[in-house]
Amino acid sequence: MNPALLRGMTQPRSVTRRDALRLAGLSAAGLALAGCGVQGKKVDTAKSDVVADYWASKKKNGTLRFANWPLYIDKDGSRYPSLEMFTADTGIKVSYQEAIQDNTTFFGKIQPLLAANNDIGYDLMVLTNGLQLSKAIALGYLVPLDHSKLPNFAANAAPKVKNPTWDPNNIHTIPWTVGLTGIAYNPKYVDEVKSIQELWNPKYKGKVGMMLDTQEVANFGMFALGIDPDKSTEEDWRKAGEKLKEQRDAGLVRKYYENDYVDALARGDVWITMAWSGDIFQQVAEGKDLRFVVPEEGGTIWTDNMCIPKTAQNPVDALTYMDYVYQPKIATMLVEAINYITPVPATKDLVLADAAKATGDEKKSLEQIASSPMIYPSEADMAKLRSYKALTTAEAKVFESIFQPITQG
């Protein structure tokens, strides 16, 4: 389909995704969920015999029930072209549902069913790395993947999305799509930005935007001090908290934003802000003169992940689809529609090939996608990216006690 047409629909999907990450963070609701009494059984899925035992008796059934987020796949009217290709190529019919509005609510609905070993109604779902996904892994709610059945993932996935800290060796998950948290600025008011320290620059007093999400703002506090969030300790969190308090108390921060930072930046209410790559790409594609950078000190990479619940009725069909979308031609269809970072770098040349055959607005749109560092980050930018710290429930309470008062105090 024409991605320029889809782009007119992207703002609702972007809003939904980022609200979800806020809710998926260490909010009070999330912590209450983490401490609730519904329990599961942790299984050592790293052992190869556990994987073999699970998959030994599983067969393809010709059906897949897929739960995803709104406006997060290629769509042409009522058609889903890539899903139709999947059915034509594999014989597997897909029931596709836009069932996930945010991680916290969705996980709250499925957790009691998974704890009771009951079917949740889906064989495949997409969850963001964060508290809920980590809890699902820890409680044994996700199927261990048979990587011998994922050759396209092995061959075509970007190295950066393999072996994440929160799911070592991709035992339970592989990415659907990826996003970045960096810095956006309005060049009308701000000169070229390279360092994260610009968010602490006194000349932008009252014109700095920071994020309300505690995981996001904590990462930037740590980046500013040269701390790797993946390796951080409680002492590091407290140092980062003090750095962020200095910024707040100096009156630099206009507001701790949710999704509304985008409009504030475009209006000139803020001149420089923490920002999500997909949001800024959409603004630039619509003609706004905004810039996005991954600062020298680092930025955050976050991932929406395909995973199979342990009560899936059609796990082989789900695994087949997971590998199918790692074919470059299919991944290209998705990135042209979704406009977030694809986990398949080989798609860039295919997007350029599509652009060469296109005309008018479609040609321009495809060229923007292929040339954008917000969709195809450079190796230098990728090397600077870090994930959120994987936290236990006890660690999450301490973490939240440090950073929530900064953004919500």
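Of all residues in the stretch 376-388, none that is over 12 Å from A158 (Cα atoms) and part of a loop (DSSP other than H, G, I, E, B) has its Cβ atom under 6 Å from the Cβ atom of a residue that is of a type in the set (G, A, S) and open to solvent by less than 30 Å² (accessible area, probe 1.4 Å), 6 or more apart or on another chain. Among residues of the stretch 262-277 that are within 23 Å of I338 (Cα to Cα) and at pLDDT below 95, those with a Cβ under 7 angstrom from a residue that is surrounded by fewer than 18 Cβ atoms within 10 Å (Cβ to Cβ) and among the basic types (K, R), sequence gap 6+ or separate chain, pair up as A266/K288. Each residue in the stretch 383-405 was checked for being buried (at least 18 other Cβ atoms within 10 Å of the Cβ) and modelled with pLDDT under 90, and 6 pass. Restricting the search to helices (runs of 4 or more DSSP H) fully inside the stretch 231-336 and requiring at least 1 residues that are open to solvent by 60 Å² or more (accessible area, probe 1.4 Å) and on the phi < 0 side of the Ramachandran plot gives 234-249, 261-267. Of the residues making up the stretch 158-190, those that are open to solvent by 10 Å² or more (accessible area, probe 1.4 Å), outside any helix (DSSP H, G or I) and touching a helix residue (DSSP H, G or I) at 6+ places or on another chain (Cβ under 9 Å) are A158, K162, N163, P164, T165, W166, I171, H172, W176, Y185, N186, Y189.
Taking the stretch 57-72 as the range and being at pLDDT 95 or above and not charged (D, E, K, R) as the test, the residues that pass are N61, G62, T63, L64, F66, A67, N68.
Checked against (1) in contact with a helix residue (DSSP H, G or I) (Cβ under 9 Å, 6 or more places away or on another chain); (2) at pLDDT 95 or above; (3) more than 22 Å from S387 (Cβ to Cβ), A285 meets all criteria but (2). Among residues of the stretch 389-409 that are without any contact (Cβ under 8 Å) to a residue 60 or more places away in the chain, those with a beta-carbon under 9 Å from a residue that is open to solvent by 20 Å² or more (accessible area, probe 1.4 Å) and polar (S, T, N, Q) at least six positions away or on a different chain give the pairs T392/S134. Restricting attention to the stretch 220-227, does a residue exist that is within 27 Å of V398 (Cβ to Cβ), in contact with a strand residue (DSSP E or B) (Cβ under 7 Å, 6 or more places away or on another chain), touching a residue at least 40 places away in the same chain (Cβ under 8 Å) and open to solvent by 20 Å² or more (accessible area, probe 1.4 Å)? Looking through the stretch 220-227, none of the residues is within 27 Å of V398 (Cβ to Cβ), in contact with a strand residue (DSSP E or B) (Cβ under 7 Å, 6 or more places away or on another chain), touching a residue at least 40 places away in the same chain (Cβ under 8 Å) and open to solvent by 20 Å² or more (accessible area, probe 1.4 Å).
Scanning the stretch 349-364 for residues that are β-branched (V, I, T), surrounded by fewer than 15 Cβ atoms within 10 Å (Cβ to Cβ) and in a helix (DSSP H, G or I) yields a total of 0. For the stretch 199-219, the set of residues classified as modelled with pLDDT of 95 or more, crowded, with 20+ Cβ neighbours inside 10 Å and farther than 12 Å from V253 by Cβ consists of A218, N219, listed by residue number. Among the residues of the stretch 118-155, those that are outside any helix (DSSP H, G or I) and under 19 Å from E98 (Cβ atoms) comprise I120, G121, Y122, D123, L124, M125, V126, L127, T128. Taking first residues from the stretch 82-99 that are modelled with pLDDT of 95 or more and partners that are open to solvent by 70 Å² or more (accessible area, probe 1.4 Å), the Cβ contacts under 6 Å between residues at least 6 apart in sequence or on separate chains come to T87/K93. Please go through the stretch 204-220 and pick out each residue that is in contact with a Phe, Trp or Tyr (Cβ under 8 Å, 6 or more places away or on another chain) and over 23 Å from Q283 (Cα atoms). Of everything in the stretch 204-220, those that are in contact with a Phe, Trp or Tyr (Cβ under 8 Å, 6 or more places away or on another chain) and over 23 Å from Q283 (Cα atoms) turn out to be T214, Q215, A218, N219.
The values are calculated or read from the model by the stated rules, or taken from the named source; none is laboratory data. Please read all numbers here as calculations on a predicted model, not as lab measurements. Cβ sites come from the backbone with ideal geometry, for glycine too, and all protein chains shown count toward neighbours. Side chains included, ligands, DNA and RNA excluded: accessible areas come from the protein's heavy atoms. Shrake-Rupley method; radii C 1.70, N 1.55, O 1.52, S 1.80 Å.
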